[in-house]
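Please treat every number below as a calculation from the coordinates, not as lab data. Predicted model, so just to flag it, every value in this text is computed and none were measured. Please note: Cβ atoms are built from the backbone with ideal geometry, for glycine as well, and neighbour counts cover all protein chains shown.
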Amino acid sequence: MLKIPEIIDFTVSTSDNMGSFGGSSVAVEVYGYNIAETNLVAEELAGKIKKMQGAKDVTISRDKSKPELQIIFDQNKMMANGLNTAMASNAVKTGSMA
């Protein structure tokens, strides 16, 4: 794997779209914690791929998903402080920790 700290994983896959007509496609997926850094890596890879003989229609695309934060509440600590999951969830949602 590449030794780029911002990249946590990548995959390369192929598909044969045109059978014996020679129209295959290659997908390169880059995963990381920093979207700006993964965009830079994607741009760099796309530039290198465009220079390869036979490469055409090189594009960069992103799923239209939102970054997600998952919070796992410590049930014992919540109970010790008189809280339940609904109260803690509401505090996170509204940003009030009163």
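Distant-in-sequence amide contacts of Gly32, defined by a placed amide H-H separation under 5 Å and a gap of 5 or more residues or a different chain, comprise Ile8.
A simple spin-label model places pseudo-atoms 7 Å from Cα toward Cβ; at Ala27 and Val58 they are separated by 1.9 nm.
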